[in-house]
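S.K.: Would you mind keeping the following structure in view while I ask a few things?
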């Protein structure tokens, strides 16, 4: 069975060496969570995907023309905020641990909207024009995004397990990963600023 094209596009939109924004965002978002917090991290990822898909759909449907430098700056701001929050709370930001409606999920949804705006212009030319094909493509694309995000989550939890085997406690691991993500995000933000 072949994987639909738009599922592949969604998957490799996340799992791409050039997709620093998504990789850093997901790593920083997952850093303080444990594998036991499955409801929380699944809801956060799904909220991000919903926001991402809604922003892309709105931009394409409404033919919005947005300033790409501004959108890129907003994406970088989401990275700095997410990683900075982990560092600020020393690896243990307070979470609502899996409530269906919480500030963390609204934040993930909002940040998904920002990230979706950054990619819509690249996907629009590939989408079919008929309504049925368009909605099917969106669904497959969202499924690919979820699959890519789950792979990143698996990598974070694998690193966390390896770190715990070497004596790191989960809070230290989260703080270290958050600090790395924050450092790279600040570097990317400085590059963005210098190119304005």
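Throughout, read-outs are computed from the coordinates displayed, never taken from laboratory work. Everything numeric here is computed off the predicted structure, so don't read it as measured data. Here Cβ is always computed from backbone atoms with ideal geometry, including for glycine, and neighbour counts include all displayed protein chains.
S.K.: Taking other Cβ within 10 Å of each residue's Cβ, how do 187, 52 sort, fewest first?
M.R.: Lowest to highest Cβ neighbour count: 187, 52.
S.K.: What is the list of residues in the range 158-173 whose amide nitrogen lies under 11 Å from a point 7 angstrom out from the Cα of residue 34, following Cα to Cβ?
M.R.: Under 11 Å, as judged by backbone N against the label point of residue 34, lie 170-171 of the range 158-173.
S.K.: Continuing with the same structure: Please list, in order, the residues from the range 162-179 whose amide nitrogen is less than 16 Å from a point placed 7 Å along the Cα→Cβ vector of residue 89.
M.R.: It comes to 170-179, nothing else.
S.K.: Would you mind checking the tilt of helix 20-30 against the longest principal axis of the Cα atoms of the chain, expressed as 0 to 90 degrees and rounded to 10?
M.R.: Result, in degrees: 50.
S.K.: Going by how many other beta carbons lie within 10 Å of each one, how would you line up 192, 161, fewest first?
M.R.: The fewest-first ordering by Cβ neighbours comes to 161, 192.
S.K.: How large is the helix-only mean residue ellipticity at 222 nm for the chain, computed as the sum of -39500 (n - 2.57) over DSSP H runs with n ≥ 4, divided by its residue count, in deg cm²/dmol to the nearest 500? Display every interim value, and only then the final one.
M.R.: On the way: 7 runs with 147 residues, N = 196.
Counting only the DSSP helices, I get -26000 deg cm²/dmol.
S.K.: Counting other beta carbons within 10 Å of each Cβ, put 157, 11 in order, fewest first.
M.R.: Values: 157 15, 11 21.
Lowest to highest Cβ neighbour count: 157, 11.
S.K.: While we're on this one: Mind checking the angle between helix 131-165 and the chain's longest principal axis? C-alpha axes, 0 to 90 degrees, to the nearest 10.
M.R.: Roughly 10 degrees, rounded to the nearest 10.
S.K.: Follow-up question, since we're still on this one. Would you indicate which of (i) 26; (ii) 50; (iii) 32 is the value of percent of Cα pairs over 26 Å apart derived from the coordinates of this structure?
M.R.: (iii)
S.K.: Moving on. To the nearest 10 degrees, how steep is helix 68-88 against the longest Cα principal axis of the chain, on a 0 to 90 scale?
M.R.: Rounded to the nearest ten degrees, it is 20.
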